[in-house]
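Data block below; observations after.
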Number of protein chains: 4
Amino acid sequence: MTSEEWAVLVEENGKTYVVELVDQQVKIKGLGVFNPHQTLATVATGERVEIGQKEVKRAAARLPELSRGMVRRAQTIGSKDAGFFVAKLGLGSGDCVLEAGLGSGGLAMHIQRVLGTTGTHITVEPRNEHAEVALENLRRSSSCRDETPNHHHIEGTVEASVEQIKAFADGFHAVVLDLPEHPTAIEATADLLLPGGRLACYCPVSSQLEHAWEACEAAGLTVEWAGELMEREWGRASKGGMRPVNGPFGHTAFLLVALRT
Amino acid sequence: MTSEEWAVLVEENGKTYVVELVDQQVKIKGLGVFNPHQTLATVATGERVEIGQKEVKRAAARLPELSRGMVRRAQTIGSKDAGFFVAKLGLGSGDCVLEAGLGSGGLAMHIQRVLGTTGTHITVEPRNEHAEVALENLRRSSSCRDETPNHHHIEGTVEASVEQIKAFADGFHAVVLDLPEHPTAIEATADLLLPGGRLACYCPVSSQLEHAWEACEAAGLTVEWAGELMEREWGRASKGGMRPVNGPFGHTAFLLVALRT
Amino acid sequence: MTSEEWAVLVEENGKTYVVELVDQQVKIKGLGVFNPHQTLATVATGERVEIGQKEVKRAAARLPELSRGMVRRAQTIGSKDAGFFVAKLGLGSGDCVLEAGLGSGGLAMHIQRVLGTTGTHITVEPRNEHAEVALENLRRSSSCRDETPNHHHIEGTVEASVEQIKAFADGFHAVVLDLPEHPTAIEATADLLLPGGRLACYCPVSSQLEHAWEACEAAGLTVEWAGELMEREWGRASKGGMRPVNGPFGHTAFLLVALRT
Amino acid sequence: MTSEEWAVLVEENGKTYVVELVDQQVKIKGLGVFNPHQTLATVATGERVEIGQKEVKRAAARLPELSRGMVRRAQTIGSKDAGFFVAKLGLGSGDCVLEAGLGSGGLAMHIQRVLGTTGTHITVEPRNEHAEVALENLRRSSSCRDETPNHHHIEGTVEASVEQIKAFADGFHAVVLDLPEHPTAIEATADLLLPGGRLACYCPVSSQLEHAWEACEAAGLTVEWAGELMEREWGRASKGGMRPVNGPFGHTAFLLVALRT
């Protein structure tokens, strides 16, 4: 599980760095200036190493580590909601997936992880400054895997990119939208779904969920499920026994899944 | 997305049948006696067909449909928790996964869906009457996909099967346990994990979560996350607006993820 | 705790009857025809008695029993949300409370329970068919208590009843609104609050919560808290240990509390 | 709503001070040295006043303000759970309530608020350093109300105080326990309940809930409800619409209510 090109380093406090193993001095924010290849080439997964003032542990370059060490610009879809989409849409090897609204690429990393070498992933994002971050995160995670799906990125809004999208695939098993406004995107993409394919939306506020629902029905889709997934962490009490930890409530957004029958 | 060997049929009320397309009279409980090949060979995904007294719609044979139409014996791990495990363990193409406590195979179907052709899935189950159901569900879902991972099934307890398991793989990226008692299974399997690999437990009651936690620490694993995922469905109110639906609370079990560092 | 005028009878399955102890034959739906005074006068709290075909147990005529045995017409505010309002508004002896939108009187019963003999409760309801049910429920619960606050009921909308309301009280420590539309009622009643008094809204859908919030701010009130209270019942698993029961999710409505500073 | 003896002062950030209106220089942590009577006697509820470097607003001395400005030693039962107990136990004027495990008196303040002048409240606490804090909080809240129930405090464990408790009341409508271990306290107090009375427990971890359940059944009580109340705050998104706020999950403890039939 040790990539030859990238290393994941984790501090005691969980802070995670994803470092390219180039043979030259580089500056990594938080770690300082060092030569990754020379410093890390002989460090195995699970071993500790000192870099600058810090002791870090080399970790496997698996999806959870790569997610934690992501370059971030915007808030991103986390593993809770990503896993829900993967399971509810039934994503897996060979699927053809369209994703509009890339953010920092958090969901995209989860999608690519399960598409195998035969799957196809089309991403669309109008804001170039987001796409750059997301594409860097996808580049890293692809480098750390043997198998990577076909990936095409389109700069623009999904509404204006339908013809380009069609050029890459005859139809999609899944469409995932994470946008400020879903209705026009739903209208534009519903017909790209294959029969039996599903469209999913990620809606930060409850009124968006309502608008997405209405737009799906107007586009001839059947809403299978709408709602939210609440992640609640539990911990051990100091005197024994388990209780919910006093951490933040794990809501992130309202989710919707609609089916093209 | 139309399998040549299996068809998925859905009633108006959502009841789902997974039917093998054999060319002979068969009796399907709920649909009656008919010849699936003759009745369904020319029915496309999305088309309706009358069988006996009922009108059903042919659906795509994707994971959500196959899950809904599963042969069931025991309560099974659903898509909410399956998706969470897939995402938190970072499962994907090429991974080597050990699963003990197969139940009806609900989680196994989700795992196999994302392992691609290069992944390996070892399942262990001591109760033969459960394994039979689970293996039938896996046979169906494999038939409906082009790509299937290597799968080996072992009859027995995981504690007694360690040598057999080792014969199939040099180490595992993930171990998933859904058992009445986790501690002995954790002790037996923790060392099968590769460095950076993760072990997950599915615990119906909160005291099991505590015991699993303790056993993971005793086995040298680091608990990354323990808790629960609450699925809450929302619906549209009759006068407009959105509200949580009055359905059952979507708790199923307490989940734990531990890392071999 | 035995009322001389009313008796509470509980079936094995929990079904609860509130029966006036008149000395004549009456027909109680579910129990049949019998003379309550003759049948029940000598039955103490906790004793069983046979009525018609059924065996019932006489229970104390406390608020939980009276709530369970309420005459119902509309869905009513339950103990979870009633308790939250009582606590967040700090209701107690001597308070002056205005309640608009009586429903079946479920919240009103909780409010009157805590106001003592010196408190004042003004209720407003435009739909006479609801008020009749609610007033019957309040009559019963008053009869079962030694202490009852001053209560005045006004038929009409709260917007049209402001002058009448002012005739009963110089100002209110609390205003509680359970209405299809809150903004005009908030506008009409905000000035009835004493400095330091609080206004609360009960909003079935999330968009109502937003409208109530905006109307409170427009009326010069400060929103102290908005959100929901989720009641989750736990039970014992058959093999030991505790887990959430598979019952309905205890959401009922979104609640808002605003302060007149 | 202005107490003549105490004043509540609130900073812009919500920090709340409860100040006795004595006519002498006092030092209030956070506000500095000043003469409360001279500074505040003419300041009405809702008015601002400068004290030292700070501008504060005088607030009504109602329960929510007194709770926020409590002297604290231990974590205390908050308004969410206090309101639930008040409603599920049906507490109100004239009730006789036993409370063991006073903590800082947070629940006690809510109980006394609703008992009127005819109710009776017996509190039991073995740790004197907690009782002192709680009794100070109760003294304040009593001073700010016209109506106060009969209150007797017993220093000791509830198990050792049964005879003393009986001297104050012939039986209780409610018993509330917030203790490290509930079983022996349940055994000791179940018989103090009047028929139809209820016993409630506050259990930080889930295994305590199970032990309390078992002890209630062993003592001949019927568990009516066990579970938890989750408080989730919602807020307005910057671009409009409502969403759960990213604050802490409002779990505090598992609650249990049992009935003496």
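The values are calculated or read from the model by the stated rules, or taken from the named source; none is laboratory data. Since this is a predicted model, take the numbers as computed values, not measurements. Glycine also receives a Cβ, built like all others from the backbone with ideal geometry; neighbour counts cover every protein chain displayed. Just the protein is used for accessible areas: all its heavy atoms, side chains included, with ligands, DNA and RNA removed. Shrake-Rupley method; radii C 1.70, N 1.55, O 1.52, S 1.80 Å.
For the reader, a short list of remarks on this structure follows.
- Some residue of the stretch C:237-250 being open to solvent by 10 Å² or more (accessible area, probe 1.4 Å), modelled with pLDDT of 95 or more and more than 18 Å from D:E224 (Cα to Cα): no
- Search result, residues across the stretch B:205-243 that are of a type in the set (F, W, Y) and within 16 Å of B:L177 (Cβ to Cβ): B:W213, B:W225
- Count - residues of the stretch A:214-233 that are within 12 Å of chain D (Cβ to nearest Cβ) and either open to solvent by 20 Å² or more (accessible area, probe 1.4 Å) or in contact with a Ser or Thr (Cβ under 6 Å, 6 or more places away or on another chain) (or both): 2
- Positions within the stretch B:104-120 being part of a loop (DSSP other than H, G, I, E, B) and open to solvent by 10 Å² or more (accessible area, probe 1.4 Å), in sequence order: B:T117, B:T118
- All of (1) in contact with an Asp or Glu (Cβ under 6 Å, 6 or more places away or on another chain); (2) open to solvent by 60 Å² or more (accessible area, probe 1.4 Å) hold for C:A131 with one exception: (2).
- Output for the stretch C:40-65, where each listed residue is free of Cβ contacts under 8 Å to residues at least 40 places away in the same chain and within 14 Å of chain D (Cβ to nearest Cβ): C:V43, C:G46, C:E47, C:R48, C:P64
- Residue within the stretch D:66-81 that is small (G, A, S), free of Cβ contacts under 8 Å to residues at least 40 places away in the same chain and either under 23 Å from C:E65 (Cα atoms) or more than 13 Å from every other protein chain (Cβ to nearest Cβ) (or both) present: no
- If the condition is being free of Cβ contacts under 8 Å to residues at least 24 places away in the same chain and either of a type in the set (V, I, T) or not in a loop (DSSP other than H, G, I, E, B) (or both), then the stretch B:4-19 contributes only B:V19.
- Restricted to the stretch D:156-213, and to residues there that are of a type in the set (F, W, Y) and either open to solvent by less than 40 Å² (accessible area, probe 1.4 Å) or within 17 Å of D:E228 (Cβ to Cβ) (or both), the residue that is nearest to the other protein chains (Cβ to nearest Cβ) is D:W213.
- Of the helices (runs of 4 or more DSSP H) lying entirely inside the stretch C:21-97, those containing at least 2 residues that are touching a Ser or Thr at 6+ places or on another chain (Cβ under 7 Å) and either of a type in the set (V, I, T) or crowded, with 17+ Cβ neighbours inside 10 Å (or both) are C:63-68, C:79-88.
- Evaluation of A:K57 against (1) in contact with a helix residue (DSSP H, G or I) (Cβ under 8 Å, 6 or more places away or on another chain); (2) at pLDDT 95 or above; (3) of a type in the set (K, R) (one fails), failing number: (1)
- The one condition in (1) modelled with pLDDT of 95 or more; (2) away from chain D (no Cβ under 14 Å); (3) open to solvent by 10 Å² or more (accessible area, probe 1.4 Å) that C:A100 fails to fulfil: (3)
- The single condition among (1) modelled with pLDDT of 95 or more; (2) within 30 Å of A:Y202 (Cβ to Cβ) that A:V49 does not satisfy is (2).
- Neighbours by Cβ (under 8 Å, 6+ apart or cross-chain): first from the stretch B:232-247, on the phi < 0 side of the Ramachandran plot; second acidic (D, E): B:R232/A:E228; B:W234/A:E228; B:R236/A:E210; B:M242/A:E210; B:P244/B:E233; B:V245/B:E233; B:G247/B:E233
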